(Lines give C-alpha, C1' and ligand atoms only; values in the text may rest on other atoms or scores of the structure.)
Protein backbone atom coordinates (compact mmCIF):
# COMPACT_ATOMS: atom_id res chain seq x y z
CA UNK A 1 0.00 0.00 0.00
CA UNK A 2 1.43 3.37 -0.91
CA UNK A 3 0.52 6.96 -0.30
CA UNK A 4 -2.70 6.47 -2.22
CA UNK A 5 -4.58 4.30 0.22
CA UNK A 6 -6.08 1.04 -0.97
CA UNK A 7 -9.08 -0.32 0.86
CA UNK A 8 -12.01 -2.44 -0.23
CA UNK A 9 -14.87 -2.39 -1.00
CA UNK A 10 -15.10 0.58 -3.38
CA UNK A 11 -18.80 0.39 -4.15
CA UNK A 12 -20.17 3.19 -1.93
CA UNK A 13 -19.76 6.88 -2.61
CA UNK A 14 -20.05 9.04 0.50
CA UNK A 15 -18.77 12.59 0.91
CA UNK A 16 -17.57 14.29 4.06
CA UNK A 17 -21.07 14.90 5.31
CA UNK A 18 -22.36 11.41 4.54
CA UNK A 19 -24.31 12.34 1.40
CA UNK A 20 -24.59 9.71 -1.29
CA UNK A 21 -24.85 5.98 -0.68
CA UNK A 22 -26.82 4.53 2.19
CA UNK A 23 -27.90 6.76 5.03
CA UNK A 24 -25.89 6.14 8.17
CA UNK A 25 -27.70 5.43 11.41
CA UNK A 26 -26.08 5.62 14.83
CA UNK A 27 -24.92 2.09 15.55
CA UNK A 28 -23.61 1.28 19.00
CA UNK A 29 -20.12 -0.07 18.58
CA UNK A 30 -20.34 -3.73 19.45
CA UNK A 31 -17.98 -6.23 17.89
CA UNK A 32 -18.45 -9.69 16.51
CA UNK A 33 -15.33 -10.91 18.18
CA UNK A 34 -16.34 -10.33 21.80
CA UNK A 35 -13.45 -9.88 24.19
CA UNK A 36 -10.75 -10.27 21.52
CA UNK A 37 -10.77 -6.54 20.80
CA UNK A 38 -10.45 -5.82 24.47
CA UNK A 39 -7.14 -7.64 24.65
CA UNK A 40 -3.86 -5.93 23.95
CA UNK A 41 -0.62 -4.67 25.38
CA UNK A 42 -2.09 -2.09 27.80
CA UNK A 43 -4.80 -2.83 30.35
CA UNK A 44 -6.62 -1.31 33.28
CA UNK A 45 -5.83 -3.69 36.11
CA UNK A 46 -7.99 -4.29 39.17
CA UNK A 47 -6.92 -1.97 41.97
CA UNK A 48 -5.30 0.61 39.68
CA UNK A 49 -6.17 4.22 40.55
CA UNK A 50 -8.62 6.03 38.36
CA UNK A 51 -6.51 7.79 35.67
CA UNK A 52 -6.69 11.50 34.36
CA UNK A 53 -5.86 12.90 30.86
CA UNK A 54 -5.81 16.55 29.85
CA UNK A 55 -6.29 16.14 26.14
CA UNK A 56 -8.93 18.85 25.64
CA UNK A 57 -8.68 22.63 25.69
CA UNK A 58 -12.15 23.03 27.14
CA UNK A 59 -14.03 22.35 30.34
CA UNK A 60 -15.43 18.85 29.60
CA UNK A 61 -13.56 17.20 32.46
CA UNK A 62 -14.48 19.94 34.93
CA UNK A 63 -18.14 19.65 34.01
CA UNK A 64 -17.99 15.87 34.40
CA UNK A 65 -16.39 16.22 37.85
CA UNK A 66 -19.25 18.48 38.89
CA UNK A 67 -21.85 16.01 37.65
CA UNK A 68 -20.43 12.86 39.26
CA UNK A 69 -19.38 12.05 42.79
CA UNK A 70 -16.52 9.65 43.43
CA UNK A 71 -18.73 6.55 43.64
CA UNK A 72 -20.62 7.24 40.43
CA UNK A 73 -17.31 7.98 38.70
CA UNK A 74 -15.96 4.62 39.89
CA UNK A 75 -19.11 2.82 38.73
CA UNK A 76 -18.99 4.48 35.33
CA UNK A 77 -15.30 3.60 34.98
CA UNK A 78 -16.07 -0.01 35.85
CA UNK A 79 -18.87 -0.19 33.26
CA UNK A 80 -16.70 1.30 30.51
CA UNK A 81 -13.76 -0.97 31.33
CA UNK A 82 -15.96 -4.07 31.39
CA UNK A 83 -17.73 -3.15 28.15
CA UNK A 84 -14.45 -2.45 26.35
CA UNK A 85 -13.34 -5.95 27.27
CA UNK A 86 -16.54 -7.89 26.64
CA UNK A 87 -18.70 -5.91 24.17
CA UNK A 88 -21.70 -7.05 26.23
CA UNK A 89 -24.11 -4.90 28.27
CA UNK A 90 -22.84 -4.62 31.84
CA UNK A 91 -24.99 -5.53 34.83
CA UNK A 92 -24.56 -4.44 38.42
CA UNK A 93 -23.01 -7.79 39.38
CA UNK A 94 -19.95 -6.94 37.27
CA UNK A 95 -19.51 -3.60 39.03
CA UNK A 96 -20.01 -4.35 42.74
CA UNK A 97 -16.41 -5.48 43.34
CA UNK A 98 -14.77 -2.83 41.14
CA UNK A 99 -12.18 -0.48 42.72
CA UNK A 100 -13.79 2.49 44.45
CA UNK A 101 -17.32 1.04 44.53
CA UNK A 102 -17.70 -1.04 47.74
CA UNK A 103 -21.47 -0.74 48.01
CA UNK A 104 -24.38 -3.13 47.64
CA UNK A 105 -25.72 -4.32 44.31
CA UNK A 106 -28.93 -2.36 44.94
CA UNK A 107 -26.96 0.86 45.37
CA UNK A 108 -24.99 0.13 42.20
CA UNK A 109 -28.24 -0.40 40.29
CA UNK A 110 -29.58 2.90 41.61
CA UNK A 111 -26.42 4.76 40.62
CA UNK A 112 -26.37 3.13 37.19
CA UNK A 113 -29.95 4.30 36.68
CA UNK A 114 -28.85 7.81 37.67
CA UNK A 115 -25.93 7.62 35.23
CA UNK A 116 -28.41 6.63 32.53
CA UNK A 117 -30.63 9.61 33.34
CA UNK A 118 -27.58 11.88 33.13
CA UNK A 119 -26.66 10.52 29.70
CA UNK A 120 -23.53 8.54 30.59
CA UNK A 121 -25.07 5.09 30.10
CA UNK A 122 -27.85 3.61 28.02
CA UNK A 123 -29.83 0.38 28.38
CA UNK A 124 -30.22 -1.23 24.94
CA UNK A 125 -32.93 -3.61 26.17
CA UNK A 126 -35.17 -3.53 29.21
CA UNK A 127 -33.82 -6.78 30.62
CA UNK A 128 -30.18 -6.10 29.65
CA UNK A 129 -27.37 -4.34 31.44
CA UNK A 130 -26.08 -0.95 30.36
CA UNK A 131 -23.47 0.28 27.90
CA UNK A 132 -21.60 3.61 27.77
CA UNK A 133 -22.75 6.51 25.63
CA UNK A 134 -20.31 8.85 23.91
CA UNK A 135 -20.61 11.07 27.00
CA UNK A 136 -19.65 8.12 29.18
CA UNK A 137 -16.62 7.35 27.03
CA UNK A 138 -15.64 11.02 27.14
CA UNK A 139 -15.63 11.01 30.93
CA UNK A 140 -13.56 7.83 30.92
CA UNK A 141 -10.98 9.26 28.49
CA UNK A 142 -10.79 12.65 30.21
CA UNK A 143 -9.86 10.90 33.45
CA UNK A 144 -7.19 8.58 32.15
CA UNK A 145 -3.89 9.05 33.97
CA UNK A 146 -1.68 9.94 31.01
CA UNK A 147 -1.10 7.87 27.91
CA UNK A 148 -0.37 4.66 29.82
CA UNK A 149 2.35 2.25 28.77
CA UNK A 150 2.69 -0.86 26.66
CA UNK A 151 3.40 -4.15 28.36
CA UNK A 152 6.86 -5.73 27.88
CA UNK A 153 5.73 -7.69 24.82
CA UNK A 154 4.41 -4.56 23.11
CA UNK A 155 7.52 -2.55 23.95
CA UNK A 156 9.74 -5.29 22.57
CA UNK A 157 7.69 -5.43 19.37
CA UNK A 158 8.13 -1.67 18.86
CA UNK A 159 11.83 -1.79 19.69
CA UNK A 160 12.51 -4.64 17.27
CA UNK A 161 10.52 -2.94 14.53
CA UNK A 162 12.50 0.29 14.62
CA UNK A 163 15.81 -1.50 15.14
CA UNK A 164 15.23 -3.16 11.76
CA UNK A 165 13.35 -0.32 10.02
CA UNK A 166 15.70 0.57 7.20
CA UNK A 167 15.25 1.61 3.59
CA UNK A 168 13.08 4.31 2.09
CA UNK A 169 11.00 6.58 4.33
CA UNK A 170 7.78 5.69 2.49
CA UNK A 171 8.31 1.99 3.14
CA UNK A 172 8.93 2.64 6.83
CA UNK A 173 5.78 4.75 7.12
CA UNK A 174 3.71 2.06 5.43
CA UNK A 175 5.10 -0.63 7.71
CA UNK A 176 4.55 1.61 10.75
CA UNK A 177 0.82 1.69 9.99
CA UNK A 178 0.86 -2.11 10.01
CA UNK A 179 2.74 -2.16 13.33
CA UNK A 180 0.14 0.10 14.96
CA UNK A 181 -2.72 -1.99 13.60
CA UNK A 182 -1.12 -5.15 15.04
CA UNK A 183 -0.54 -3.52 18.44
CA UNK A 184 -4.05 -2.10 18.83
CA UNK A 185 -6.36 -4.12 16.57
CA UNK A 186 -7.52 -0.78 15.16
CA UNK A 187 -7.17 0.73 11.72
CA UNK A 188 -3.97 2.78 11.77
CA UNK A 189 -3.28 5.94 9.77
CA UNK A 190 0.19 7.42 9.39
CA UNK A 191 0.61 10.82 7.74
CA UNK A 192 4.18 11.34 6.56
CA UNK A 193 6.04 14.61 6.19
CA UNK A 194 5.63 16.79 3.14
CA UNK A 195 8.72 16.93 0.92
CA UNK A 196 8.10 20.46 -0.35
CA UNK A 197 10.81 22.05 1.78
CA UNK A 198 13.33 19.18 1.64
CA UNK A 199 16.53 19.97 -0.26
CA UNK A 200 18.05 17.59 -2.79
CA UNK A 201 20.83 15.57 -1.15
CA UNK A 202 21.95 13.35 -4.03
CA UNK A 203 21.04 12.57 -7.64
CA UNK A 204 21.83 9.52 -9.75
CA UNK A 205 20.87 8.40 -13.24
CA UNK A 206 20.66 4.65 -13.80
CA UNK A 207 20.34 3.00 -17.19
CA UNK A 208 17.42 0.57 -17.41
CA UNK A 209 17.69 -0.51 -21.03
CA UNK A 210 17.54 0.83 -24.54
CA UNK A 211 16.96 4.61 -24.29
CA UNK A 212 15.41 4.30 -20.85
CA UNK A 213 16.88 5.60 -17.60
CA UNK A 214 15.79 6.13 -14.02
CA UNK A 215 16.44 9.33 -12.10
CA UNK A 216 16.89 8.60 -8.37
CA UNK A 217 16.77 11.58 -6.00
CA UNK A 218 17.45 11.44 -2.27
CA UNK A 219 16.05 14.36 -0.28
CA UNK A 220 17.35 15.82 2.95
CA UNK A 221 14.46 14.32 4.93
CA UNK A 222 15.47 10.82 3.79
CA UNK A 223 12.75 10.44 1.17
CA UNK A 224 13.66 8.82 -2.14
CA UNK A 225 12.00 10.08 -5.33
CA UNK A 226 12.19 8.29 -8.68
CA UNK A 227 11.30 9.27 -12.22
CA UNK A 228 11.91 7.49 -15.52
CA UNK A 229 13.57 9.51 -18.29
CA UNK A 230 14.10 8.98 -21.99
CA UNK A 231 17.77 8.81 -23.01
CA UNK A 232 19.56 9.63 -26.28
CA UNK A 233 20.47 6.71 -28.51
CA UNK A 234 24.17 6.87 -27.69
CA UNK A 235 23.94 7.40 -23.92
CA UNK A 236 26.28 4.76 -22.47
CA UNK A 237 27.29 4.24 -18.83
CA UNK A 238 30.06 6.81 -19.05
CA UNK A 239 27.63 9.41 -20.36
CA UNK A 240 25.11 8.62 -17.61
CA UNK A 241 27.80 8.88 -14.94
CA UNK A 242 29.02 12.28 -16.16
CA UNK A 243 25.48 13.55 -16.65
CA UNK A 244 24.49 12.39 -13.15
CA UNK A 245 27.42 14.25 -11.64
CA UNK A 246 26.60 17.47 -13.50
CA UNK A 247 22.93 17.18 -12.59
CA UNK A 248 23.81 16.66 -8.93
CA UNK A 249 26.03 19.74 -8.95
CA UNK A 250 23.17 21.71 -10.48
CA UNK A 251 20.45 20.49 -8.09
CA UNK A 252 22.11 19.87 -4.72
CA UNK A 253 20.80 22.17 -1.99
CA UNK A 254 17.71 23.18 -3.94
CA UNK A 255 14.22 21.86 -3.38
CA UNK A 256 12.60 19.95 -6.23
CA UNK A 257 10.45 22.96 -7.02
CA UNK A 258 13.36 25.43 -7.14
CA UNK A 259 15.91 23.55 -9.23
CA UNK A 260 17.14 25.85 -11.99
CA UNK A 261 15.58 25.36 -15.41
CA UNK A 262 18.90 25.20 -17.28
CA UNK A 263 22.16 23.54 -16.28
CA UNK A 264 25.56 24.73 -17.48
CA UNK A 265 26.66 23.14 -20.73
CA UNK A 266 29.38 20.51 -20.73
CA UNK A 267 30.12 21.00 -24.42
CA UNK A 268 29.09 17.38 -25.03
CA UNK A 269 25.68 17.17 -26.76
CA UNK A 270 24.80 13.70 -25.45
CA UNK A 271 25.70 14.54 -21.86
CA UNK A 272 23.81 17.83 -22.06
CA UNK A 273 20.76 16.05 -23.47
CA UNK A 274 20.72 13.63 -20.52
CA UNK A 275 21.16 16.48 -18.05
CA UNK A 276 18.30 18.39 -19.68
CA UNK A 277 16.07 15.30 -19.41
CA UNK A 278 17.06 15.01 -15.75
CA UNK A 279 16.19 18.66 -15.05
CA UNK A 280 12.75 18.16 -16.60
CA UNK A 281 12.24 15.06 -14.45
CA UNK A 282 13.21 17.00 -11.32
CA UNK A 283 10.66 19.66 -12.20
CA UNK A 284 8.02 16.98 -12.73
CA UNK A 285 8.73 15.60 -9.26
CA UNK A 286 8.62 19.09 -7.77
CA UNK A 287 5.33 19.84 -9.49
CA UNK A 288 3.66 16.69 -8.20
CA UNK A 289 1.20 16.90 -5.31
CA UNK A 290 3.36 17.95 -2.38
CA UNK A 291 0.74 17.25 0.27
CA UNK A 292 1.36 14.81 3.06
CA UNK A 293 1.32 11.13 2.22
CA UNK A 294 -1.19 8.88 3.98
CA UNK A 295 -0.55 5.23 4.80
CA UNK A 296 -3.39 3.09 6.15
CA UNK A 297 -2.89 -0.27 7.85
CA UNK A 298 -5.48 -2.70 9.13
CA UNK A 299 -8.46 -1.28 7.26
CA UNK A 300 -9.99 -4.76 7.09
CA UNK A 301 -10.34 -4.70 10.88
CA UNK A 302 -13.30 -2.35 10.46
CA UNK A 303 -15.27 -5.23 8.96
CA UNK A 304 -14.84 -7.17 12.21
CA UNK A 305 -15.63 -4.14 14.39
CA UNK A 306 -19.22 -3.55 13.30
CA UNK A 307 -22.25 -5.74 12.66
CA UNK A 308 -23.89 -3.18 10.36
CA UNK A 309 -22.67 -3.57 6.77
CA UNK A 310 -23.62 0.02 5.86
CA UNK A 311 -21.44 1.32 8.70
CA UNK A 312 -18.46 -0.72 7.48
CA UNK A 313 -18.92 0.55 3.93
CA UNK A 314 -19.19 4.16 5.07
CA UNK A 315 -16.02 3.90 7.17
CA UNK A 316 -14.04 2.23 4.37
CA UNK A 317 -15.22 4.86 1.90
CA UNK A 318 -13.88 7.63 4.13
CA UNK A 319 -10.55 5.80 4.44
CA UNK A 320 -10.23 5.83 0.65
CA UNK A 321 -10.35 9.65 0.60
CA UNK A 322 -6.82 10.72 1.43
CA UNK A 323 -7.51 14.45 1.61
CA UNK A 324 -10.49 13.92 3.93
CA UNK A 325 -8.51 11.70 6.30
CA UNK A 326 -5.46 13.98 6.44
CA UNK A 327 -7.68 17.03 7.02
CA UNK A 328 -9.67 15.17 9.69
CA UNK A 329 -6.58 14.22 11.69
CA UNK A 330 -5.21 17.76 11.44
CA UNK A 331 -8.54 19.26 12.51
CA UNK A 332 -8.72 17.02 15.58
CA UNK A 333 -5.24 18.09 16.67
CA UNK A 334 -6.04 21.75 15.98
CA UNK A 335 -9.06 21.60 18.29
CA UNK A 336 -6.88 20.39 21.16
CA UNK A 337 -8.11 16.79 21.18
CA UNK A 338 -6.10 13.61 21.44
CA UNK A 339 -9.24 11.49 21.29
CA UNK A 340 -12.38 12.33 19.28
CA UNK A 341 -15.40 10.19 20.17
CA UNK A 342 -18.54 9.66 18.11
CA UNK A 343 -19.77 12.90 16.58
CA UNK A 344 -17.04 15.06 18.12
CA UNK A 345 -14.98 15.00 14.92
CA UNK A 346 -17.94 16.13 12.79
CA UNK A 347 -17.71 13.42 10.11
CA UNK A 348 -21.12 11.72 10.03
CA UNK A 349 -20.03 8.40 8.44
CA UNK A 350 -17.63 7.95 11.38
CA UNK A 351 -20.23 8.69 14.08
CA UNK A 352 -19.90 5.15 15.44
CA UNK A 353 -16.12 5.47 15.73
CA UNK A 354 -13.47 6.99 17.94
CA UNK A 355 -10.20 8.41 16.68
CA UNK A 356 -6.95 8.69 18.63
CA UNK A 357 -4.41 11.12 17.18
CA UNK A 358 -0.80 11.85 18.08
CA UNK A 359 1.54 14.30 16.34
CA UNK A 360 4.94 13.09 15.15
CA UNK A 361 7.69 15.62 15.84
CA UNK A 362 11.29 15.97 14.71
CA UNK A 363 13.44 18.29 16.82
CA UNK A 364 10.33 19.89 18.28
CA UNK A 365 8.68 20.52 14.90
CA UNK A 366 5.54 18.58 13.96
CA UNK A 367 6.21 16.73 10.71
CA UNK A 368 3.51 14.06 10.66
CA UNK A 369 0.58 12.49 12.46
CA UNK A 370 -0.46 9.09 13.76
CA UNK A 371 -4.14 8.18 13.94
CA UNK A 372 -6.01 5.13 15.21
CA UNK A 373 -9.60 4.48 14.15
CA UNK A 374 -11.86 2.02 15.90
CA UNK A 375 -15.32 1.60 17.42
CA UNK A 376 -16.21 3.89 20.31
CA UNK A 377 -15.53 0.93 22.60
CA UNK A 378 -11.90 0.77 21.51
CA UNK A 379 -9.28 0.07 24.15
CA UNK A 380 -8.37 3.71 24.82
CA UNK A 381 -5.48 3.09 27.25
CA UNK A 382 -3.85 0.72 24.74
CA UNK A 383 -4.47 3.00 21.76
CA UNK A 384 -3.03 6.05 23.53
CA UNK A 385 -0.01 4.12 24.77
CA UNK A 386 0.76 2.63 21.35
CA UNK A 387 0.30 5.95 19.53
CA UNK A 388 2.64 7.73 21.96
CA UNK A 389 5.42 5.12 21.91
CA UNK A 390 5.33 4.55 18.15
CA UNK A 391 4.99 8.27 17.42
CA UNK A 392 8.07 9.07 19.52
CA UNK A 393 10.16 6.35 17.89
CA UNK A 394 8.99 7.33 14.42
CA UNK A 395 9.95 10.94 15.08
CA UNK A 396 13.42 9.83 16.18
CA UNK A 397 13.87 7.77 13.04
CA UNK A 398 12.69 10.58 10.76
CA UNK A 399 15.13 12.90 12.52
CA UNK A 400 18.00 10.47 11.94
CA UNK A 401 17.10 10.20 8.25
CA UNK A 402 17.19 13.98 7.82
CA UNK A 403 20.69 14.42 9.26
For this session: Working only within the range 112-145, note down all residues that are more than 16 Å from residue 89 (Cβ to Cβ) and either surrounded by 14 or more Cβ atoms within 10 Å (Cβ to Cβ) or over 30 Å from the mean Cα position of the chain (by Cα) (or both).
Result: 114, 117, 118, 134, 135, 138, 139, 140, 141, 142, 143, 144
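Return yes or no: is residue 173 under 22 Å from residue 398 (Cα atoms) and either in contact (Cβ under 8 Å) with a residue 24 or more places away in the chain or in the same structural domain as residue 84 (by TED's automatic domain parsing) (or both)?
Yes: the conditions hold for residue 173.
If you take just the strands (runs of 3 or more DSSP E) that sit entirely in the range 178-239, which of them hold at least 1 residues that are modelled with pLDDT under 90 and farther than 25 Å from residue 322 by Cβ? Break it down into steps so the answer makes sense when it comes.
Numbers: elements: 187-191, 200-209, 212-219, 224-230.
Hits in the range 178-239: 200-209.
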For this session: Considering each residue of the range 246-260, count those that are surrounded by fewer than 15 Cβ atoms within 10 Å (Cβ to Cβ) and in contact with a helix residue (DSSP H, G or I) (Cβ under 7 Å, 6 or more places away or on another chain), and give that number.
Result: 1
Exercise. When only residues in the range 86-108 that are assigned to a helix (DSSP H, G or I) and in contact with a helix residue (DSSP H, G or I) (Cβ under 6 Å, 6 or more places away or on another chain) count, which is nearest to residue 130 (Cα to Cα)?
Worked result: 92
Exercise. Does any residue of the range 287-304 turn out to be assigned to a helix (DSSP H, G or I) and more than 23 Å from residue 179 (Cα to Cα)?
Worked result: yes
Exercise. With respect to the numbered conditions (1) in contact with a helix residue (DSSP H, G or I) (Cβ under 9 Å, 6 or more places away or on another chain); (2) in a helix (DSSP H, G or I); (3) farther than 16 Å from residue 179 by Cβ, which one is the sole condition not fulfilled by residue 394?
Worked result: (3)
For this session: Name every residue in the range 240-273 that is closer than 14 Å to residue 205 by Cα and either outside any helix (DSSP H, G or I) or outside the structural domain of residue 207 (by TED's automatic domain parsing) (or both), in order of residue number.
Result: none
For this session: Test residue 253 against the criterion of being under 29 Å from residue 386 (Cα atoms) and modelled with pLDDT under 90, and give yes or no.
Result: no
Exercise. Which of the following residues is free of Cβ contacts under 8 Å to residues at least 40 places away in the same chain, surrounded by fewer than 22 Cβ atoms within 10 Å (Cβ to Cβ) and within 18 Å of residue 354 (Cα to Cα): 279, 324, 312?
Worked result: 312
Problem set entry | Counted residues, the range 176-211 - those being within 18 Å of residue 150 (Cβ to Cβ) and not assigned by TED's automatic domain parsing to the domain that holds residue 298 | 0
Exercise. Any idea which residue in the range 283-309 is surrounded by the most Cβ atoms within 10 Å (Cβ to Cβ), counting only those that are modelled with pLDDT of 85 or more and out of contact with any strand residue (DSSP E or B) (no Cβ under 8 Å at 6 or more places or on another chain)?
Worked result: 283
For this session: With the condition kept exactly as written, say whether any residue in the range 87-100 is within 26 Å of residue 356 (Cβ to Cβ), surrounded by 16 or more Cβ atoms within 10 Å (Cβ to Cβ) and in contact with a strand residue (DSSP E or B) (Cβ under 7 Å, 6 or more places away or on another chain).
Result: yes
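The values are calculated or read from the model by the stated rules, or taken from the named source; none is laboratory data. In this text, all values refer to a predicted model and were calculated from it rather than measured experimentally. Glycine also receives a Cβ, built like all others from the backbone with ideal geometry; neighbour counts cover every protein chain displayed.
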